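Here is the structure we will look at, set down as structure tokens.
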Amino acid sequence: MTFSIDIEAEQKKAQEEIKKQGLRVLVCAGTGCVANGSLKVIDKFRDLGANVSAMTDYDKMTVVPTGCHGFCEQGVLVSLPDEHVTYVKVKEEDVEEIFESHIKNGKPVERLLYVDPKTGEHIHRDEDINFYAKQTRTALKNCGNINAESIDEALAVGGYQALHKVIQENNPEGVIDTIVKSGLRGRGGGGFPTGMKWKFTAANKGGKSYVVCNGDEGDPGAFMDRSVMEGDPHKLLEGMAIAGFAVGADEAYIYVRAEYPLAIKRLKIAIKQAEERNYLGKNIMGSDFSFTIHIKEGAGAFVCGEETALMASIEGERGMPRPKPPFPANKGLFGRPTLINNVETLANVPLIISKGADWFASMGCESSKGTKTFALTGEVNNTGLIEVPMGTTLREIVFDIGGGIRGGKKFKAVQIGGPSGGCLTEEHLDISMDYDSLIKAGAMIGSGGLVVMAENTCMVEVARFFMNFTKNESCGKCVPCREGTKNMLKILERIVKGKGTMEDLDLLEDLAYTVKDGSLCGLGKTAPNPVLSTLKYFRDEYIAHIKDHKCPAGVCSAMKRIVINPEKCRGCTKCARVCPVGAIEGTVKQPHKIDQNKCIKCESCLKNCPFKAISKE
């Protein structure tokens, strides 16, 4: 086949242009760092870079705004890759010092280097930072290292070479076989074998078919897909085009939530650039293959992460799931065969095609191949976006990459998989983080959210938080989910207020299994997981709330008691005078007492006691 594009020449040309940039100063311009002021940092560097004559080792400096570096806890991040140095928590006023001291005179700015939470030492080289050193970045490899708004930078690191290869070989079945052999499973939560899904869609020969990218990332604290769309959009577009070629589709949609404006902006730029270069659109690279990608902005409904609800939303209908079968591979978008994969799944495709199925399958473990991205948040020292081989233990993630628990507190649990996931405890620290092992433990990978909790976390409140989220996001179509989550939330609210009963605990468990077994879609079926897993591993905390009217973690405000220390109380009566419900008893110059049955915990007495004799317990 004759191509209108020499992909190797395009790559070489792009690489030569990057060499001409001199010293590349990479400044994170992902959503988190932009919120922390990275655009001002970029402008300041550019202003200083205009004066290149005084620079010693470099005759030129180019400031490159990138996507998310992943180390979100430390933003704004400024990286000098040629120097193997990353500066953290950089502000606009720090830029001149970096420029004068390091860039011009070769002296790193010690105070802006990352501090290891275990040793307290400043780390001078990127490869010595555990957060980065312990990762294996494939889907995220280019995020933070290239300008996401430049197709030339994408080409320089191998962009669109995999698409060129599959078009040149013209063997759709071979592409699908490669994906099957790689062992890639869906990264959106269910873990269904990607190659099998492609095979089912491709089996529907003749007529129109579609590819849909699910970028509706709704789990609280999850931002894996957003970072790929913001930091390496061309990789996603290439993965979608390869999928379209394999299953016989010529049109695609990226469904991305409207709350991701930066991702939407960069995707639109990338699509326009790819069409102008003929990597997308009509007769790609001079071939017979055409592929058009549209962006559909979602309105932020959590249920639209479910594939049938997502398709309904694209079609202009209310985002509500429908029963399966028929499956999307047979009857999907606009009634046509449709392949649906999430962002991370599709971002792995170009790498598998370029490096081979065996390369991908060499990472991970027997049942779960490759790597997985996780949004690591909560009570760890190093929060952020990480990517590790499947099978990595929870202990490695929390204590090596995450740097351990903040403030030296004790590890208690991890909520994995968001509202659809479950809790893992200290006994699971050495569990293999793969699809099957987590399911056996009563949790699931989900999209990859990891919320680390310490000893001061109330697990009953955690269950209540996620159930409140699920109840609010239920589409209401089926009774088990609509009514079940509502009543489960009511029970949990009674328990955290100290008004629960042991009968409530039995009813809560029964309702959880009813919702799990009877809900229409996967989101409803997994909604009870946080409750069931906390009941399994932290039942004693539920019982303490009910029987002892006490929150062991000291979190639930309704369980807290306000007490007067008789040794400190001077009997000034000020507390009694400010109490709005007359809950404080005592005579002048004698220690006072609080009637706990009357106390509404307004804390007026605590705030007004001049002798600090009043406290919470």
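The values are calculated or read from the model by the stated rules, or taken from the named source; none is laboratory data. The shown structure was predicted, so the numbers you read here are calculated from the model rather than taken from an experiment. With ideal geometry, Cβ positions are generated from the backbone for all residues, glycine too; neighbour counts draw on all protein chains shown.
Among the residues making up segment 16-43, those that are of a type in the set (A, V, I, L, M, F, W, C), touching a residue at least 60 places away in the same chain (Cβ under 8 Å) and over 9 Å from Pro65 (Cα atoms) are Ile18, Leu23, Val34.
Return yes or no: is Asn278 closer than 30 Å to Val479 by Cβ, of a type in the set (S, T, N, Q) and either free of Cβ contacts under 8 Å to residues at least 24 places away in the same chain or not in a helix (DSSP H, G or I) (or both)? Spelling it out, it is not the case that Asn278 is closer than 30 Å to Val479 by Cβ, of a type in the set (S, T, N, Q) and either free of Cβ contacts under 8 Å to residues at least 24 places away in the same chain or not in a helix (DSSP H, G or I) (or both). Does Ala299 satisfy the condition of being aliphatic (A, V, I, L, M), over 12 Å from Leu237 (Cα atoms) and without any contact (Cβ under 8 Å) to a residue 60 or more places away in the chain? Yes, satisfied. Of all residues in segment 20-30, those being farther than 29 Å from Ile264 by Cβ and either outside the structural domain of Pro81 (by TED's automatic domain parsing) or assigned to a loop (DSSP other than H, G, I, E, B) (or both) number 2. The set of residues from segment 409-452 being β-branched (Val, Ile, Thr) and either modelled with pLDDT of 90 or more or under 19 Å from the mean Cα position of the chain (by Cα) (or both) comprises Val414, Ile416, Thr425, Ile431, Ile445, Val451, Val452. Selection of segment 224-257 for residues being of a type in the set (A, V, I, L, M, F, W, C), under 25 Å from Glu387 (Cα atoms) and not in a helix (DSSP H, G or I) yields Ile254, Val256.
Among the conditions (1) of a type outside the set (Ser, Thr, Tyr); (2) assigned by TED's automatic domain parsing to the domain that holds Met229; (3) more than 20 Å from the chain's Cα centre (by Cα); (4) modelled with pLDDT of 90 or more, the only one that Asn342 does not satisfy is (3). Would you say Asn472 is among the polar types (S, T, N, Q) and free of Cβ contacts under 8 Å to residues at least 12 places away in the same chain? It is true that Asn472 is among the polar types (S, T, N, Q) and free of Cβ contacts under 8 Å to residues at least 12 places away in the same chain. Go through segment 200-217 and count every residue that is surrounded by fewer than 22 Cβ atoms within 10 Å (Cβ to Cβ), touching a residue at least 24 places away in the same chain (Cβ under 8 Å) and not aliphatic (A, V, I, L, M). Residues in segment 200-217 being surrounded by fewer than 22 Cβ atoms within 10 Å (Cβ to Cβ), touching a residue at least 24 places away in the same chain (Cβ under 8 Å) and not aliphatic (A, V, I, L, M): 5 in total.
Entry remark, segment 453-477: residues being in a loop (DSSP other than H, G, I, E, B) and either more than 25 Å from Leu520 (Cα to Cα) or at pLDDT 90 or above (or both) number 4 in total. No other residue among Thr587, Thr573 is polar (S, T, N, Q), surrounded by 14 or more Cβ atoms within 10 Å (Cβ to Cβ) and either closer than 25 Å to Cys458 by Cα or in contact (Cβ under 8 Å) with a residue 12 or more places away in the chain (or both) apart from Thr573.
Rundown of residues vs (1) in contact with a Leu (Cβ under 8 Å, 6 or more places away or on another chain); (2) surrounded by fewer than 24 Cβ atoms within 10 Å (Cβ to Cβ); (3) outside the structural domain of Arg187 (by TED's automatic domain parsing), yes/no style:
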{"site": "Val228", "(1), (2), (3)": "yes, no, no"}
{"site": "Asp250", "(1), (2), (3)": "no, yes, no"}
{"site": "Ala270", "(1), (2), (3)": "yes, no, no"}
{"site": "Tyr279", "(1), (2), (3)": "yes, no, no"}
{"site": "Lys282", "(1), (2), (3)": "no, yes, no"}
{"site": "Thr292", "(1), (2), (3)": "yes, yes, no"}
{"site": "Ala312", "(1), (2), (3)": "no, yes, no"}
{"site": "Asn330", "(1), (2), (3)": "no, yes, no"}
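Filter segment 429-452 down to the residues that are surrounded by fewer than 22 Cβ atoms within 10 Å (Cβ to Cβ) and either within 15 Å of Glu379 (Cα to Cα) or touching a Phe, Trp or Tyr at 6+ places or on another chain (Cβ under 9 Å) (or both) and list them by number. Within segment 429-452, Leu429, Gly442, Met444 meet the criteria.
Are there any strands (runs of 3 or more DSSP E) wholly within segment 297-397 with 3 or more residues that are closer than 28 Å to Cys423 by Cβ, and if so which?
Ranges flagged: 371-378, 384-389.
Kindly evaluate Ala413 against the criterion of being crowded, with 23+ Cβ neighbours inside 10 Å, of a type in the set (A, V, I, L, M) and in contact with a helix residue (DSSP H, G or I) (Cβ under 7 Å, 6 or more places away or on another chain). Against the criterion (crowded, with 23+ Cβ neighbours inside 10 Å, of a type in the set (A, V, I, L, M) and in contact with a helix residue (DSSP H, G or I) (Cβ under 7 Å, 6 or more places away or on another chain)), Ala413 qualifies.
Taking segment 140-156 as the range and being closer than 26 Å to Asp116 by Cα and of a type in the set (Gly, Ala, Ser) as the test, only Gly144 passes.
Listed residues Val398, Val414; which is outside the structural domain of Asp177 (by TED's automatic domain parsing) and touching a residue at least 40 places away in the same chain (Cβ under 8 Å)? Walk me through how you get there before you give the answer.
On the way: Val414 fails: touching a residue at least 40 places away in the same chain (Cβ under 8 Å).
Only one candidate qualifies: Val398.
Selection of segment 590-602 for residues being within 20 Å of Cys556 (Cβ to Cβ) and either outside the structural domain of Pro566 (by TED's automatic domain parsing) or loosely packed, with under 14 Cβ neighbours inside 10 Å (or both) yields Gln596, Asn597, Lys598, Ile600.
With a requirement of 3 or more residues that are under 37 Å from the mean Cα position of the chain (by Cα) and hydrophobic (A, V, I, L, M, F, W, C), the helices (runs of 4 or more DSSP H) lying completely within segment 524-617 that satisfy it span 529-537, 539-547.
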